[in-house]
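Below: one structure, written as structure tokens.
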Amino acid sequence: MHQTNFIVREPLLDPKQRVIGYELCWQQRDGQTISDADLESLVAFVAEHVVDDEQGWLLRDKILFLDAVPAMLSLDALHALPPERTVLSLRVRDLANTDTRAAVQALRAGGVGIAIRGADLTLLGKNLAPFASFAEVRFTGADVAAQARTYAAAKQSALRMVGRPVSTWQDFDACAALGLDAFVGKLHLTPRPGNAVKGMNPAQTIILQLMQMVQNNEDVPKIEAVLKRDPALIYKLLRFINSAGFGAGRDIQSLRQAIAMLGYAPLYRWLVLLLATASSSGYSPVLMETAVVRARLCELLGLTSLPRGEGEHLFVAGMFSLLDRLLGLPMAEVLDTIQLPTEVVSALLGREGKYGPYLALAEACELDSDLVASLAASLAISPYDVNKAHLSALAWAQNVAA
């Protein structure tokens with residue numbers, strides 16, 4: 001249960017590299033099997049923290065894949081989740097039970113997605129269609145493309161295929177070309193090859209200059225003058241300040257108004273986000289979204305024991321932890337161009353210093369690592385607080401206007 005287990009996440013990509021959702025599960029510890037009761041508690045915990053009474057579904061257009069067992073199919077917590085954004089993963093052998101098949105069909109009629117694991121699609125593809133909207137296909141060995149061809153040949157139009165593990169972009173391209181619909185792997189930590197960018201582009205250079213000006217408390221007119229050199233940055237700033245999430249309460253139409261409304265600390269945070277997301281060439285969207293989630297998670301984890309003012313440093317550490325992969329440069333070289341506090345640099349270079357363990361814990365939540373429990377214990381953060389921060393960071397990342 002969430003009092004002892006830790007949530008880990010894996011992103012699902014579509015053939016266009018977009019993040020269409022996340023698979024959430026409990027961390028697998030020392031080969032132990034996750035109990036049915038634990039799986040039920042995961043659904044309840046997720047429903048409690050990603051559905052808001054006023055705002056509704058906090059993950060916007062993302063879908064969630066959650067492991068399930070037949071006993072869960074009538075859980076009250078399922079009714080709290082939007083059916084069109086919820087996919088329950090069942091084992092193919094669960095469908096041998098007539099009651100389970102009836103419950104599955106009722107859920108599907110209500111809009112809930114069902115994914116089937118462990119099916120031989122070459123034999124069961126047609127038979128699965130009435131019960132499943134997704135089927136998981138697992139790749140074993142090196143020749144992923146050959147296996148993908150077999151699965152593609154068996155594909156039924158009503159059944160979407162989720163391939164895993166797809167751990168290289170070469171395998172991703174092969175699977176996408178053959179018609180698989182979604183992919184799970186470690187691609188969120190791997191830069192997209194081709195059109196690689198080395199160093200900062202002109203927009204990022206301007207953003208870096210603005211960050212340094214904000215750090216030095218330069219006058220607003222000077223900051224405004226630099227911003228005016230990039231119309232796209234002006235557009236993004238005004239869009240952000242006028243977004244419903246920011247809640248300015250009135251239409252802001254000038255740069256000076258926007259800067260004054262934000263204040264220097266929020267302006268710096270916004271620039272940090274932009275620095276890592278200010279290019280569309282050579283980057284994979286999943287890499288950028290991972291950086292945003294990681295930054296917010298680091299910040300929230302620090303709230304448990306560090307002074308509130310240090311949250312900004314944790315946010316920067318998390319956001320910049322993937323900047324070497326985003327820029328195609330070694331981290332040490334990236335840091336030569338950015339003025340950051342010593343503790344942030346220590347975290348980025350070696351996961352050391354005051355902030356290093358928080359960054360390491362945020363990373364471990366992406367990898368189903370055995371380090372999650374030990375890192376959380378070393379920081380005196382309970383599993384409940386780690387899981388709550390994790391889901392909160394995931395929701396926050398969906399609503400960032402960058």
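The values are calculated or read from the model by the stated rules, or taken from the named source; none is laboratory data. The structure displayed is predicted, hence computed values, not measured ones. Here the Cβ positions follow ideal geometry from the backbone for every residue, glycine too, while neighbour counts run over all protein chains shown. For accessibility, only protein heavy atoms count, side chains too; no ligands or nucleic acids. Shrake-Rupley method; radii C 1.70, N 1.55, O 1.52, S 1.80 Å.
For Cα pairs less than 8 Å apart in space and 6+ apart in sequence, what is the mean separation divided by the residue count of the chain, i.e. the relative contact order in percent? Can you show the working numbers first?
Values: 633 pairs, mean separation 68.3, N = 402.
About 17 percent, as a whole number.
Which loop GluC sites (Glu not before Pro) in the stretch 45-97, with loop taken from DSSP, have no more than 16 other Cβ atoms within 10 angstrom of their Cβ? Qualifying residues, ordered by number: GLU54. Normalised per residue, the accessible area of the stretch 282-402 is 35 Å², obtained with a 1.4 Å probe and no contribution from ligands, DNA or RNA. Here's how it looks for PHE6: its modeled amide H is under 5 Å from those of GLN27, which are all 5 or more places away or on a different chain.
Less than 5 angstrom separates the built amide H of ARG91 from those of ARG117, all sequence-distant by 5 or more or on a different chain. The alpha-carbon positions of the stretch 331-393 define a convex hull whose volume is 98 Å³ per residue.
Take the Cα of ALA377, step 7 Å toward its Cβ, do the same at LEU303, and the gap between the two points is 2.6 nm.
Projecting the Cα atoms of LEU271, LEU359, LEU301 onto the charge dipole of the stretch 264-386, computed from C-beta unit charges around the Cα centre, puts LEU271 farthest toward the positive end. Each residue, ALA37 and GLU224, gets one label point 7 Å from its Cα in the Cβ direction; the gap between the two is 6.3 nm.
Does the chain come out rounded, prolate or oblate, given a ≥ b ≥ c as the square roots of the eigenvalues of its C-alpha gyration tensor, rounded meaning a/c under 1.5 and, failing that, prolate meaning a/b above b/c?
Prolate is the answer for the chain, as a/c is 1.5 or above and a/b outweighs b/c.
Note on the chain: with charges restricted to the Cβ of Lys and Arg (+1) and Asp and Glu (-1), its dipole about the Cα centre is near 1020 debye. Within the chain, the selection of entire DSSP H helices by a Cα span of 27 Å or greater along the long axis and an average Kyte-Doolittle value of at least -1.0 returns an empty list. Backbone geometry of the stretch 53-60 corresponds, through the Karplus equation with coefficients 6.51, -1.76 and 1.60 at θ = phi - 60°, to 3J(HN,Hα) couplings of 4, 9, 8, x, 5, 7, 9, 6 Hz, x marking Gly and Pro.
Which order do the peptides 55-67, 212-224, 166-178 take when ranked by the mean count of other beta-carbon atoms within 10 Å per residue, highest first?
Top of the packing list down: 166-178, 55-67, 212-224.
Computed over the alpha-carbon pairs of the stretch 30-96, the distance histogram in 5 Å steps reads 3, 15, 28, 23, 16, 9, 4, 1, 0 percent, short to long. Charge dipole (Cα centre; +1 on Lys/Arg Cβ, -1 on Asp/Glu Cβ; no other charges) of the stretch 298-402 amounts to roughly 220 debye.
As an exercise, use a Förster radius of 35 Å and the Cβ-Cβ distance of ASP143 and ASP61 to find the FRET efficiency, rounded to the nearest 0.05. In this case the efficiency is close to 0.55.
Database remark: amide H of TRP57 closer than 5 angstrom to the amide H of ASP52 (H placed geometrically; neighbours at sequence offset of 5 or more, or on other chains; Pro and chain starts carry no H).
Each of ALA153 and GLN215 was given a label point 7 Å from its Cα along the Cα-to-Cβ line. The distance between the two points is 5.8 nm. Think of a 1.4 Å ball rolled over the protein heavy atoms: the stretch 47-129 then has 50 Å² of accessible area per residue. Apolar share of the accessible surface for the chain: 52 percent from carbon plus sulfur atoms, 1.4 Å probe.
In a simple Cβ point-charge model (Lys, Arg +1; Asp, Glu -1; nothing else charged), the stretch 1-112 has a dipole of about 500 debye relative to its Cα centre.
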